[in-house]
Each structure stands twice: as structure tokens, then as C-alpha cells.
């Protein structure tokens with residue numbers, strides 16, 4: 001019985017191994033192509049990361065963008 005449990009545990013541990021090195025390299029290449037932009041809301045500014053995708057490119061094509069927003073319940077804004 002101990003041998004069976006040991007083999008079963010070994011089988012489960014083998015399933016935990018991962019060969020994710022190629023995925024990591026691909027992810028790092030995509031991160032390099034991302035764009036950083038400065039977003040200002042009132043007197044507060046922060047940096048936003050725009051991914052290198054079709055949606056990101058479409059958003060960047062609309063910049064600079066100024067919106068007048070209305071307050072809702074003290075914690076939401078809407079246009």
C-alpha cells in the first residue's frame with residue numbers, strides 16, 4: 001500500500017512540472033512593444049500601460065482625449 005501511495009504521489013508531482021520557458025520569452029517580447037501614457041484626472045496623474053494590440057492601437061489613435069465627466073454617487077463617473 002505504501003508503494004502504491006508513493007507511486008501515486010510521484011505521478012502527481014510529475015504533473016506539477018512545467019515547460020513554460022518559450023511562453024515567457026514570447027511574453028517578454030510583447031511587453032517591450034507596450035506603450036506607456038500619462039493619464040491626468042483633475043489634479044491626479046498616473047501612468048497607464050497600453051498593450052500592443054489592435055484595441056490598444058485604436059485607443060492611441062484617439063489621443064489626446066479630453067472628456068467632461070459627471071459624478072454619480074460620489075464614486076463613479078459617466079459621460
(message) Any residue in the stretch 53-79 that is more than 18 Å from residue 39 (Cβ to Cβ) sitting within a Cβ distance under 8 Å of a residue that is at pLDDT below 90 and assigned to a loop (DSSP other than H, G, I, E, B)? List the pairs, counting only those 6 or more apart or interchain.
(response) 70/79
(request) Could you check the stretch 36-79 for strands (runs of 3 or more DSSP E) lying wholly inside it with 3 or more residues that are within 25 Å of the chain's Cα centre (by Cα) and modelled with pLDDT under 90? (result) 76-78
(request) Scan the stretch 33-45 and report the pairs whose first residue is farther than 18 Å from residue 61 by Cα and whose second residue is surrounded by fewer than 10 Cβ atoms within 10 Å (Cβ to Cβ), with Cβ atoms within less than 6 Å and a gap of 6+ or a chain change. (result) 45/38
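The values are calculated or read from the model by the stated rules, or taken from the named source; none is laboratory data. If you're wondering where the values come from, they're calculated on a predicted model, not measured in any experiment. Methodologically, a virtual Cβ is constructed for each residue, glycine included, from the backbone with ideal geometry; neighbour enumeration extends over all protein chains shown.
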